[in-house]
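Presented below is the structure to which this report refers.
Only the coordinates and a few stated rules stand behind these numbers; no lab work does. Source: prediction; values computed, not measured. When we count neighbours, we look across all protein chains shown, and the Cβ atoms used for this are built from the backbone with ideal geometry, even at glycine.
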Amino acid sequence: MKSDARQYSLTHDNREIPFSLTRCKRKSVGIVVSPDRSVQVRAPRYVSQASILEFVRSKAGWIARKLAEAEQYQPLPTPRNYLSGEMLLYLGRQYRLMVLNGQRRPAELLGDYLWVWASQIDDADQIRRSVQEWYRKRAQETLGRYLDKCLEVAALHHVPKPRHTTIRDMKTRWGSCSPIGRVTLNVKLVQVPVLCLEYVVMHELCHLKHHNHGKSFYALLSLCMPDWRGRKGALDQYCLVG
């Protein structure tokens, strides 16, 4: 049974840092600092509250550094009101939304604008659906193309093919690979530069052979993509939540 998270806070260098604590099935206390600058602590049910809080306090400096890094992230430009002039990102380049009154039809990227037609130009829900449909179609085409490219490289290093590949909207992760070989890629990857997109795809493919982040995994990733560190650094400038 899942427990509700309880809210706490700690102070470091005169800064109050709120965090949530969730009890769950795990063997040790874990701390996650998310790109949205939230701090989540997960701990085994058998560890005392006093021990958990003392551990979190001992990690205050590390938490503060991670929060400082998160504050440097650039949220993906996303329209808030879905009005003409708002910014969007496609393969690392900025475009402007242009909404026209007319019968609804698929959005089109023309010049520096993403053109969207709506029966009512102030119907944000209708415009948002058109934009999301356009991104999803681009993701199917673009991610599929770069997946094939990365698969060719990975095969040279005896990485097996994924059993199944899915593209979907993910809130906090760029991609994932399940123990049974299912690779999932975030539709939002079509918003970041190609070098970042390729890094995520290759990262997840390498998990098909090493489902961890140990030395063998990084050795394989370095063979498949020698410049992965630079690509990861570029990707780390973006975050999925603003």
Evaluate the distance, in nm, between pseudo-label points positioned 7 Å from the Cα of residue 26 and of residue 157 along their respective Cα→Cβ axes. 2.8 nm
For the residue 80, residue 180 Cβ pair and Förster radius 22 Å, calculated FRET efficiency rounded to 0.05 is 0.05
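Going by the alpha-carbon gyration tensor, a ≥ b ≥ c the square roots of its eigenvalues, is the chain rounded (a/c under 1.5) or, if a/c is not under 1.5, prolate (a/b greater than b/c) versus oblate? Don't jump to the answer; show the numbers that get you there.
Values: a/c = 2.13, a/b = 1.32, b/c = 1.62.
The shape class here is oblate.
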Once you've got the Cα coordinates, tell me which of 25/215; 137/171; 188/232; 149/209; 209/232; 171/232 are over 24 Å apart. 25/215
Cα-Cα separations in segment 75-133 greater than 17 Å, expressed as whole percent: 27 percent
Among 96, 136, 15, the residue with the largest mean-square fluctuation in a Gaussian network model of the chain built from Cα contacts under 10 Å is 15
Restricting to DSSP H runs of at least four residues, report the calculated mean residue ellipticity at 222 nm for the chain, -39500 (n - 2.57) per run over all residues, nearest 500 deg cm²/dmol. -11000 deg cm²/dmol
Whether segment 139-239 is rounded, prolate or oblate, judged on the alpha carbon gyration tensor where a/c under 1.5 counts as rounded: rounded
Can I get the semi-axes of segment 17-137's equivalent ellipsoid? Compute them from the C-alpha gyration tensor as square roots of 5 times the eigenvalues, in angstrom, largest first. 45, 16, 11
Of all beta bridges DSSP finds with both residues in the chain, what is the antiparallel percent, to the nearest 5? 55 percent
Grab the Cα-Cα distance for residue 45 and residue 236, subtract it from 0.36 nm times how many residues apart they are, and report the gain in nm with one decimal. 65.4 nm
